[in-house]
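Student: Attaching a single structure in structure tokens format; questions to follow.
Values quoted throughout were computed directly from the atomic coordinates according to the rules given, and no laboratory measurement underlies them. Because the structure is predicted, anything quoted here is derived from the model rather than measured. Cβ placement follows ideal geometry from the backbone for every residue including glycine, while neighbour counts extend to all protein chains displayed.
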Ligand code: MF3
Ligand code: CO
């Protein structure tokens, strides 16, 4: 069941999303060679607390940290660690969730570490563009898989593949609500999109094949072929005249 949100509820989700946006903005300035993903996690946890929020991921199904930090061939859910240190040329996907007053916000971006290859740069750009192509479709009257299809089309027309084992989701009083939002699918199908729906749309895009596997840590999803992967996510609200991005300042 897809839960519709009132304007008051969307305002609350917006507060959590502003904390997410702020963390992603500030973390950009901390990303440099030599920094550990654990150090980034500690900063994010502090900033979330200072904003009067709580980390949404920590403790979720036993997840141990505030951020997910996924490097290079890691797709999502990389666990911050003192022993993972950034190097020039890496790309790092940072996913963050916050909860305020019972409502969740969720967002992610892929950042370059120092100078990266043109190939990594292009993957990152196309993934972010595909997120915006998807968001544009999130308007009343459209069908859910119009979003999915728009993401897939942009990604595949650029020669990349979308990850199929992980999806976007509804969000509100829970981090994961219906519907699931795949990053591939047939346009014109799926549930009708209505004003008051709130979605976390999150394309995960691989330079090579789409297949992923989860490491023995039980969390970190990596590409099977070892190719690079990028991830961008926004929480958006469907308003009567179209989508509004909540995870931006
Ligand atoms: N953005 C991810 C998601 O929506 C983050 C979940 S990480 C977890 O699924 F640790 F909380 F599971
Ligand atoms: Co999410």
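Student: Looking only at the range 1-41, which residues have a backbone nitrogen under 15 Å from a spot 7 Å from the Cα of residue 101 in the C-beta direction?
Tutor: Counting only backbone N, you get 6-20.
Student: Another question, if that's okay. Out of 223, 127, 117, any idea which swings most in a Gaussian network model of the chain, alpha carbons joined below 10 Å?
Tutor: Top of the fluctuation ranking is 117.
Student: Sticking with the crude label model, points 7 Å out along Cα→Cβ, report the distance from residue 39 to residue 11 in nm, one decimal please.
Tutor: 4.1
Student: Looking at the chain as a GNM with Cα springs under 10 Å, which of 72, 158, 206 has the largest mean-square fluctuation?
Tutor: Residue with maximal mean-square fluctuation among 72, 158, 206: 158.
Student: Let me ask something additional. Based on the Cβ-Cβ distance of residue 153 and residue 194, what FRET efficiency does E = 1/(1 + (r/R0)^6) give at R0 = 30 Å, to the nearest 0.05?
Tutor: For R0 = 30 Å, the calculated efficiency reads 0.80.
Student: Looking only at 63, 160, 132, which one moves most when the chain is put into a Gaussian network model with springs between Cα atoms under 10 Å?
Tutor: Evaluated over the chain, the most mobile residue of the options is 63.
Student: I need the shape label for the range 154-224. Rule: rounded when a/c is under 1.5, else prolate if a/b > b/c, else oblate, with a, b, c from the alpha carbon gyration tensor.
Tutor: oblate
Student: Sticking to Cα atoms, compute the Rg of the range 116-208 to one decimal and its Dmax as the biggest Cα-Cα distance, whole number, in Å.
Tutor: For the range 116-208, the Cα-based Rg and Dmax read 13.2, 41 Å.
Student: Oh, and also: In whole Å, what are the Cα extents of the chain along the three principal axes, biggest one first?
Tutor: Principal-axis extents of the chain (Cα, largest first): 47, 42, 31 Å.
Student: Which order do the peptides 226-238, 8-20 come out in when sorted by mean C-beta neighbours inside 10 angstrom, highest first?
Tutor: Taking the mean over residues of other Cβ atoms within 10 Å, the ranking is 226-238, 8-20.
Student: Same structure, new question: Given the DSSP H assignment, sum -39500 (n - 2.57) over each helix run of at least 4 residues in the chain and divide by its residue total; what's the result at 222 nm in deg cm²/dmol, nearest 500?
Tutor: Rounded to the nearest 500, the figure is -9500 deg cm²/dmol.
Student: How big is the gap, in Å, between the Cα center of the range 31-85 and the Cα center of the range 147-222?
Tutor: The two parts, judged by their Cα centres, are 21 Å apart.
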